[in-house]
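To start, the structure itself, in structure tokens.
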């Protein structure tokens, strides 16, 4: 098993022990590679450990046949959150950052009208809604 393959398994969220079982590479060697690569250790119950925030976002969203990305377990009136590195992050803000490469102004909302949709091209911030009102006179 090559070092690159072990790094790939670690980045996919594999545990030191799980990679040892799968590959036969001793756990201490897997741990050494993980530390050298700066990959966070896998925590039981946390399949997102060692991933970037964007990777965690893409792993959670559920695509629909009509082009939307739904947040799992969405409930009306409750924020779409992802726990990442011991803090809760807004899925809508993550999506906005992916699409617009800037911090949002004000609250980020779904702009397509589909509850729970967090598609990066389907969310807007207050500045975008204000611009819409200035052009068309009111929000849809």
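The values are calculated or read from the model by the stated rules, or taken from the named source; none is laboratory data. Every value quoted in this text rests on a predicted model; they were computed, and no experiment measured them. So basically every Cβ, Gly included, is an ideal-geometry build from the backbone, and we count neighbours across all protein chains shown.
Quick notes on this one:
- Among helices (runs of 4 or more DSSP H) entirely within the stretch 5-96, having at least 2 residues that are without any contact (Cβ under 8 Å) to a residue 12 or more places away in the chain and not assigned by TED's automatic domain parsing to the domain that holds residue 114 singles out 16-23, 27-37.
- Counted residues, the stretch 108-119 - those being surrounded by 13 or more Cβ atoms within 10 Å (Cβ to Cβ) and without any contact (Cβ under 8 Å) to a residue 40 or more places away in the chain: 4
- Per-region count, the stretch 121-140, residues closer than 19 Å to residue 62 by Cβ and either free of Cβ contacts under 8 Å to residues at least 40 places away in the same chain or assigned to a loop (DSSP other than H, G, I, E, B) (or both): 2
- Residues of the stretch 2-17 satisfying the condition of being surrounded by 13 or more Cβ atoms within 10 Å (Cβ to Cβ) and either over 19 Å from residue 55 (Cβ atoms) or touching a helix residue (DSSP H, G or I) at 6+ places or on another chain (Cβ under 6 Å) (or both): 6, 7, 9, 10, 16
- Filter pass, residue 30 being in contact with a strand residue (DSSP E or B) (Cβ under 9 Å, 6 or more places away or on another chain), modelled with pLDDT of 85 or more and crowded, with 18+ Cβ neighbours inside 10 Å: no
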